[in-house]
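What follows is one structure encoded as structure tokens, with my remarks underneath.
The values are calculated or read from the model by the stated rules, or taken from the named source; none is laboratory data. Note that the coordinates shown come from a computational prediction; the quantities given were computed from them, not determined experimentally. Here the Cβ positions follow ideal geometry from the backbone for every residue, glycine too, while neighbour counts run over all protein chains shown. Note: accessible area is taken over every heavy atom of the protein model, side chains too, but ligands, DNA and RNA are not part of it. Shrake-Rupley method; radii C 1.70, N 1.55, O 1.52, S 1.80 Å.
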Amino acid sequence: MSQNIISITFDEQALNDIDKMLEGLETRFSSLIDLRVDQRRALPKMGGKSESFCRQTLNVLAQNPHIVPTELDLADAQRDLQALDALRARGARLRQLLGRVDDTELALGSDVMSAALDGYALLKVFGKGSGLEALRKEVGARFAKKGSAEVQKPSDA
């Protein structure tokens, strides 16, 4: 019997609504950047340990503005830190949602694969003499061994 991990459908209105919301997110996030690999590698990174250092340093500089040279834009760094905090919260929610999208895609694909394997097994059993042998062989090409005309059993693939 075929598995059925999830049953889900999207009507046209739901898909249109989702697309509009995604367009809204893309518009709101239009100021986000896309770094090239070489740019990403060259940048100093703020990891978990260095984040505390950065926050403390900005706080100390804010409390002692007389030591901050004019070429160091402390206000800009503080705005960057606020934007980072705001973006992280939204990024976490988006990653969680994307994780659910990925899991749902995996489950749907698995359900489809399970049904197709069950259907293929039926073609093997009932296809002989029903005029379905050629179709079964065409569909079964997925299980063909490389360099061989043999067909593997679906459980071997």
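Take the chain, mark every one of the trypsin sites (Lys or Arg not before Pro) that falls in a DSSP loop and has at most 14 other Cβ within 10 Å, then report the longest stretch left between them, sites excluded.
That gives 46-127 as the longest site-free run.
Taking the Cα of ILE33, stepping 7 Å toward and past its beta carbon, and measuring to each backbone N in the range 54-91: which are under 14 Å?
From the range 54-91, the list is 77, 80-81, 84.
Picking from VAL37, LEU97, ILE8, whose Cα lies most toward the positive end of the charge dipole for the chain (charges on Cβ: Lys, Arg +1; Asp, Glu -1)?
Comparing the listed Cα positions along the dipole, VAL37 ranks first.
With every protein chain left in place, what is the accessible area of GLU26 in Å² (1.4 Å probe, nearest 10)?
120
Report, please, the projected area of the chain averaged over directions, based on the convex hull of its C-alpha atoms, in nm².
Over every viewing direction, the Cα hull of the chain projects on average to 17.4 nm².
Quick one: accessible area per residue over the chain, 1.4 Å probe, rounded to a whole number of Å²?
Accessible area per residue: 82 Å².
What is the gain in length, in nm to one decimal, between ARG41 and GLN63 on full extension, counting 0.36 nm per residue of separation less the C-alpha to C-alpha distance?
4.6 nm
Once amide H atoms are built 1.01 Å from N in the peptide plane, which residues 5 or more positions from ALA144, or in another chain, come under 5 Å H to H?
Amide H neighbours of ALA144, under 5 Å, 5+ apart: GLN152.
Charges at C-beta only: +1 for Lys and Arg, -1 for Asp and Glu. How large is the resulting dipole of the chain about its Cα centre, in Debye rounded to 20?
It works out to roughly 700 debye.
Before rounding to the nearest 500, sum -39500 (n - 2.57) across all DSSP H runs of length at least 4 in the chain and divide by the residue total; then give [θ] at 222 nm in deg cm²/dmol.
Here the helix-only value at 222 nm equals -21500 deg cm²/dmol.
At a 1.4 Å probe, what is the % contribution of carbon and sulfur to the accessible area of the range 11-120?
Result for the range 11-120: 58 percent of the exposed heavy-atom area is carbon or sulfur.
What length, rounded to one decimal in nm, is gained on full extension from GLN78 through to LEU97, with 0.36 nm per residue of separation minus their alpha-carbon distance?
Taking 0.36 nm per residue and subtracting the Cα distance, the gain is 3.9 nm.
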